[in-house]
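> Here's a structure for you.
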Amino acid sequence: MKLVIGDKNSSSWSMRPWLVLRHFNIPFDETLVRLGQPDSKEHILRHSPSGKVPCLITDSGNAVWESLAIMETLAELFPQHALWPREPAARARARSISAEMHAGFADLRQQMPMQIHTHAPGTGRTPAVLADIARIEAVWQDCLSRHGGPFLFGDFGIADAMFAPVAMRFNSYAPDLGDTARAYAARLTALPAVAAWIEEAGNER
């Protein structure tokens, strides 16, 4: 199985399925395509029909693109791992907030892009971005209160992977956060798979 990804410093969508594979010790080969190069799209199209990363090539040779679709596929291929919560109501909520992250928070993405090397406290705090952050904090607070932590549904899973790039943004731009959100972002950052991604992003310079 192979995962085709972009730069670890900036490819938030690549980060998500990579974390799931790494955290759950699912064997995979990694193909990294440096983005923003004249031949980047040519290289990506060799693997991904969409011309974008990430893309998973399964052992049967099927290509699966888009982060959430990749992680849904991994949940099907490796049911021994609780990538989604086992309990139906929690699983439905995890899918809902993951889809909300996938489709939303455009202002946060634009004004506070994931650049792991960046340290720019105070940057990007527009009213629309602050509204996005408030919604994210509400989601985190609700899930952590319902399920007791340390991650959104108890143990680390797909929903946490969806929000991991948000924690990277918070590390870079240091918006004002409540205690719960700040502590959760710190736990995500300290997770071994996330720490490995951050370290490897540093090697890209």
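> Name the single residue, out of those in the stretch 1-52 being of a type in the set (S, T, N, Q) and buried (at least 18 other Cβ atoms within 10 Å of the Cβ), that is nearest to Leu68 (Cα to Cα).
Residue satisfying both the conditions and the ranking: Ser14.
> Which pairs have Cβ atoms under 6 Å, sit 6 or more apart or on different chains, and link a residue in the stretch 126-138 that is assigned by TED's automatic domain parsing to the domain that holds Asp107 and of a type outside the set (A, V, I, L, M, F, W, C) to one that is in a helix (DSSP H, G or I) and modelled with pLDDT of 95 or more?
Pairs found: Thr126/Gln111; Asp132/Asp107; Asp132/Leu108; Glu137/Ala181.
> Would you confirm whether any residue within the stretch 108-119 is surrounded by 13 or more Cβ atoms within 10 Å (Cβ to Cβ) and more than 23 Å from Thr189 (Cβ to Cβ)?
So far as the stretch 108-119 goes, no, none of its residues is surrounded by 13 or more Cβ atoms within 10 Å (Cβ to Cβ) and more than 23 Å from Thr189 (Cβ to Cβ).
> What about Gly178, is it touching a helix residue (DSSP H, G or I) at 6+ places or on another chain (Cβ under 8 Å), surrounded by fewer than 22 Cβ atoms within 10 Å (Cβ to Cβ) and at pLDDT below 95?
no
> Now a separate question. Just one of (1) within 19 Å of the chain's Cα centre (by Cα); (2) surrounded by fewer than 15 Cβ atoms within 10 Å (Cβ to Cβ); (3) acidic (Asp, Glu) trips up Glu66, so point out which.
Result: Glu66 fails condition (2) only.
> Let me ask something else about it. Among the residues of the stretch 71-84, is any at pLDDT 95 or above, crowded, with 17+ Cβ neighbours inside 10 Å, in contact with a helix residue (DSSP H, G or I) (Cβ under 7 Å, 6 or more places away or on another chain) and not hydrophobic (A, V, I, L, M, F, W, C)?
Within the stretch 71-84, none of the residues are at pLDDT 95 or above, crowded, with 17+ Cβ neighbours inside 10 Å, in contact with a helix residue (DSSP H, G or I) (Cβ under 7 Å, 6 or more places away or on another chain) and not hydrophobic (A, V, I, L, M, F, W, C).
Here's the yes/no breakdown for (1) of a type outside the set (Lys, Arg); (2) modelled with pLDDT of 95 or more; (3) in the same structural domain as Gly124 (by TED's automatic domain parsing); (4) closer than 23 Å to His81 by Cα:
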position: Phe156; (1), (2), (3), (4): yes, yes, yes, yes
position: Leu191; (1), (2), (3), (4): yes, yes, yes, yes
position: Glu200; (1), (2), (3), (4): yes, yes, no, no
position: Arg205; (1), (2), (3), (4): no, no, no, no
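> Could you tell me whether His102 is assigned by TED's automatic domain parsing to the domain that holds Thr189, under 17 Å from the mean Cα position of the chain (by Cα) and not acidic (Asp, Glu)?
It is true that His102 is assigned by TED's automatic domain parsing to the domain that holds Thr189, under 17 Å from the mean Cα position of the chain (by Cα) and not acidic (Asp, Glu).
> From the set of residues in the stretch 1-30 that are of a type in the set (Lys, Arg) and not in a loop (DSSP other than H, G, I, E, B), which is nearest to the chain's Cα centre (by Cα)?
The qualifying residue nearest to the chain's Cα centre (by Cα) is Arg16.
> Identify the residue in the stretch 31-65 that is of a type in the set (Ser, Thr, Tyr) and outside any loop (DSSP other than H, G, I, E, B) and, among all such residues, is farthest from Ser14 (Cα to Cα).
Here the answer is Ser40.
The values are calculated or read from the model by the stated rules, or taken from the named source; none is laboratory data. Computed from a predicted model, the values in this text were never measured in an experiment. Every residue, glycine among them, receives a Cβ derived from its backbone with ideal geometry; neighbour counts consider all protein chains shown.
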